[in-house]
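Notes to accompany the following structure.
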């Protein structure tokens, strides 16, 4: 285990962002490395007598082996279902008795454990003690694994009958092919998973040197240091390095039409998008707000819903990950008009790429994103979410402070340039589940 | 945007409010009640306007009109063209939305505190000056039909719930889905929307809730300025109240839809809170729902998912507060190889255990601890706090009942929990709904052992 000198760096940021006439204090993020090697981000706030803590690792689904897809997700789930000296019921009731909530994220990149608890000492200590055991002494009981595999398989089979999940899976495969971002639990792969697989995954992915601890709420700095140490000091040691292959940014154009009895077609169109640390991140984010991210005022919403009433929901987004995540446009519309809606989506996208947004649209986007900035950081829950992301993706601690300035600087030309470099309308994947019958395979 | 809230509570009902210290209230001369919840953590404000009119106020033949009108509220007024409302809120950095339930319709914006006057001006404008045109209506009703297809028609669980509600209630309007029957959506006209708007969108049928980094007195002055000039056209908005006839025995129904797994709902008719001061049964039922499904160690998960492994998931829920009748609802999905009959028997066994042996003090204490903690966690969401106030007002309890309800929940005894289980979880109150999964066409469904609904 890498033991670093205690408290290597202490960086505190208290800044004001004064843009568009709106001043708002961003949270003061403290940062250090704990003795265990874990990276810690902390915001001290005593407004509410509660505490949120999360610990994240590079242990998401993209770290699965191809023939054992599902190990990452089951590992994370089983960590909370039995630890040294506590059964799954002891863990659940131990948390419930004090009104604490055990949770955690799981995605393509990250897996983590989180807790929300009252900050009153004895309650907090009990919640954090259980959390520490979940992180550091999971036992992965054989019978619990068998049961959870059965439940997972049942859910996978059920998902195979539902148009939304069918389209999402087909779409991810079409975009990523054999890249680990395309890995998803399958009935066959889950069936093969053993306790040894889980233990091995845990040992090589849940390591202190790779942990990102985020702490938000009603504790002192001194206590926060102790908490971070207690949650990570006994994590398994491993020198294993895990890195992702690069995503192939150019994909072949494809269109899958999948039969389904639903009344609506589920349509997805997209390509590999951008990474969290992409040089074009802000430009693409602002551009996408105009294209399909800005709720009611986006171009896709205007064309598809407001002008023609073709869908209830239509959107586009970039999923920013370690490697480029999905750029996805989606909508549902009744079968008979699916082809009309798809043409309209394609036309809206290619117009946007060809001509870019107007100055007026860009100004409206900036007004919303900058003016709405305080809504991004107005709760402990939102702030700890940012701490986790800043820590995991190595974003600058000034990420929140810099955000509005970066948005302010985006130009129409940059948006058009970035979209035309990234998104080639001739090389996108399209999936239509519940496709119009005459054209169905 | 513009979504529907179903009157379903599959988890521990509504958590109740503790700290109401900074809540201020005033009623304008036109009857609009204004409630302000100060919260100075961040320089933001939320505005919510709640109309006491929801799907339960609709009539047969025009179901869905409350929700369609909610969509039409974004389609412009004499002064603000269609689409402009959203554009102006967006330009102010705001987020907005609206929702319709069986009991109420509400609209909200969240923005920087300096933008509250803009939000009030726009919201007040569309309370009175909505421009309803046949052209916009025709487009928007198509959007709503797509919404119905997405939420209900293509969603087996929603279909099952919709069919169950239509079976549970014979007379009460809760038998109709909030989004409306498709055939009614086909038949609705802009004239129906106009009738609805003119009847219900009155200041004395609404509650304005403002939360955030504001000063209550300043908010009252702003409210008077923007909403004050709107005259109420009637002394009091009148409405028909329904009393559902007694249930005379168990009801059963089956819904066939494309799915892999069967599912079962068991819905028991249960009382609704009438008097938060004097009632005790609704509180005991809330705790009962918590004992069954309030946390990961609650009975249904512990006994049925983990120990017996007869279900892959199971839940229970009860909502004590509503304008109409309530249900105590169980839902479960059988494990592979188990059928819904076995699951129903297992759920009944859990009920028998409650009726015969009651709950223990430890379980009771656990649920109460969760309620207490939930009250603190709630302070992290300004929006949710405002939402609770709006709900309580719209359902007729008043937001001042919130701290009282919290006290009452803490006072529930184990005997009371056992007593309500005995009184309400019995067959004469019960409707059982079963999802019979159908194979996707062209893909034969493999036979599975133990399936009672083989194909």
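Within 14 Å of chain B (Cβ to nearest Cβ) and either farther than 20 Å from residue A:78 by Cα or in contact with a helix residue (DSSP H, G or I) (Cβ under 7 Å, 6 or more places away or on another chain) (or both): which single residue out of A:160, A:225, A:229 fits that description?
Working: A:225 fails: within 14 Å of chain B (Cβ to nearest Cβ); A:229 fails: within 14 Å of chain B (Cβ to nearest Cβ).
After applying the criteria, what remains is A:160.
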(Q) Return the residues of region A:320-343 that are crowded, with 22+ Cβ neighbours inside 10 Å and without any contact (Cβ under 8 Å) to a residue 40 or more places away in the chain; say none if nothing qualifies. (A) none
Q. How many of the residues making up region A:308-319 are more than 8 Å from chain B (Cβ to nearest Cβ), touching a helix residue (DSSP H, G or I) at 6+ places or on another chain (Cβ under 7 Å) and surrounded by fewer than 21 Cβ atoms within 10 Å (Cβ to Cβ)?
A. 2
(Q) Whether any residue in region B:162-178 is in contact with a helix residue (DSSP H, G or I) (Cβ under 8 Å, 6 or more places away or on another chain), within 13 Å of chain A (Cβ to nearest Cβ) and touching a residue at least 24 places away in the same chain (Cβ under 8 Å) is what I want to check. (A) no
Q: Sort out for me the helices (runs of 4 or more DSSP H) sitting completely within region B:337-407 that have 3 or more residues that are touching a helix residue (DSSP H, G or I) at 6+ places or on another chain (Cβ under 9 Å), touching a residue at least 24 places away in the same chain (Cβ under 8 Å) and farther than 26 Å from residue B:99 by Cα.
A: B:340-357, B:361-378
(Q) If residue A:185 satisfies all but one of (1) at pLDDT 95 or above; (2) touching a helix residue (DSSP H, G or I) at 6+ places or on another chain (Cβ under 9 Å); (3) farther than 20 Å from residue B:261 by Cβ; (4) crowded, with 18+ Cβ neighbours inside 10 Å, what's the number of the condition it fails? (A) (3)
Q: Those residues that are in contact with a helix residue (DSSP H, G or I) (Cβ under 9 Å, 6 or more places away or on another chain) and touching a residue at least 24 places away in the same chain (Cβ under 8 Å), I need them from region B:241-251; list them, please.
A: B:242, B:244, B:247, B:248, B:249, B:250, B:251
Q: From (1) more than 30 Å from residue B:37 (Cα to Cα); (2) assigned by TED's automatic domain parsing to the domain that holds residue B:61, pick out the condition that doesn't hold for residue B:264.
A: (2)
Q. Is it the case that residue B:159 is closer than 29 Å to residue B:255 by Cα and either outside the structural domain of residue B:256 (by TED's automatic domain parsing) or touching a helix residue (DSSP H, G or I) at 6+ places or on another chain (Cβ under 6 Å) (or both)?
A. yes
**Q.** Members of region A:40-64 found to be assigned to a strand (DSSP E or B) and buried (at least 21 other Cβ atoms within 10 Å of the Cβ), listed by number
**A.** A:40, A:41, A:42, A:43, A:50, A:51, A:52, A:53, A:54, A:55, A:56, A:57
Q. Taking region A:344-362 as the region of interest, how many residues are surrounded by 13 or more Cβ atoms within 10 Å (Cβ to Cβ) and farther than 27 Å from residue A:267 by Cβ?
A. 1
Q: Please find, among B:125, B:184, B:192, the residue that is farther than 30 Å from residue A:373 by Cβ, out of contact with any helix residue (DSSP H, G or I) (no Cβ under 6 Å at 6 or more places or on another chain) and outside the structural domain of residue B:259 (by TED's automatic domain parsing).
A: B:184
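Would you point out the residue of region A:163-181, among those that are closer than 30 Å to residue B:257 by Cα and away from chain B (no Cβ under 14 Å), that is surrounded by the fewest Cβ atoms within 10 Å (Cβ to Cβ)?
Among residues in region A:163-181 that are closer than 30 Å to residue B:257 by Cα and away from chain B (no Cβ under 14 Å), the one surrounded by the fewest Cβ atoms within 10 Å (Cβ to Cβ) is A:173.
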Q: Mind counting the residues in region B:154-189 that are over 20 Å from the mean Cα position of the chain (by Cα), under 24 Å from residue A:162 (Cβ atoms) and assigned to a helix (DSSP H, G or I)?
A: 2
**Q.** Lone unmet requirement of (1) surrounded by fewer than 22 Cβ atoms within 10 Å (Cβ to Cβ); (2) modelled with pLDDT of 95 or more for residue B:235
**A.** (2)
(Q) If I filter region A:361-416 down to residues being outside any helix (DSSP H, G or I) and touching a residue at least 12 places away in the same chain (Cβ under 8 Å), which single residue comes out as farthest from the other protein chains (Cβ to nearest Cβ)? (A) A:394
Q) Which one is nearest to the other protein chains (Cβ to nearest Cβ) among residues in region B:295-315 that are modelled with pLDDT of 95 or more and in a loop (DSSP other than H, G, I, E, B)? A) B:309
Q) Would a scan of region A:200-214 turn up a residue that is touching a helix residue (DSSP H, G or I) at 6+ places or on another chain (Cβ under 8 Å) and modelled with pLDDT under 95? A) yes
Q: Run down B:326, B:335, B:297, B:320 and say which single residue is in the same structural domain as residue B:429 (by TED's automatic domain parsing), within 30 Å of residue A:434 (Cα to Cα) and buried (at least 18 other Cβ atoms within 10 Å of the Cβ).
A: B:335
Q: Confirm whether residue B:390 is on the phi > 0 side of the Ramachandran plot and away from chain A (no Cβ under 14 Å).
A: no
Q: Output the strands (runs of 3 or more DSSP E) that fall wholly within region A:204-302 and possess 1 or more residues being within 24 Å of residue A:431 (Cβ to Cβ), or say none.
A: A:254-258, A:264-272
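Just the residues that are assigned to a loop (DSSP other than H, G, I, E, B) and within 11 Å of another protein chain (Cβ to nearest Cβ), please, taken from region A:93-140.
First pass over region A:93-140, keeping only residues assigned to a loop (DSSP other than H, G, I, E, B): A:97-100, A:104-105, A:107-110, A:119-120, A:137, A:139-140.
Answer for region A:93-140, where residues must be assigned to a loop (DSSP other than H, G, I, E, B) and within 11 Å of another protein chain (Cβ to nearest Cβ): A:97, A:98, A:99, A:100, A:119, A:120.
With A:273, A:309, A:294 as the choices, which residue is closer than 26 Å to residue B:98 by Cα and in contact (Cβ under 8 Å) with a residue 24 or more places away in the chain? Talk me through it step by step, then tell me what you get.
Details: A:273 fails: closer than 26 Å to residue B:98 by Cα; A:309 fails: in contact (Cβ under 8 Å) with a residue 24 or more places away in the chain.
Checking each option against the conditions leaves just A:294.
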Q) So, in region A:296-307, of the ones that are over 16 Å from residue A:269 (Cβ atoms) and touching a helix residue (DSSP H, G or I) at 6+ places or on another chain (Cβ under 7 Å), which residue ends up surrounded by the most Cβ atoms within 10 Å (Cβ to Cβ)? A) A:305
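The values are calculated or read from the model by the stated rules, or taken from the named source; none is laboratory data. Given the structure is predicted, the values throughout are model-derived calculations rather than measurements. Don't worry about glycine lacking a Cβ; one is built from the backbone with ideal geometry, like all the others, and counts go over all protein chains shown.
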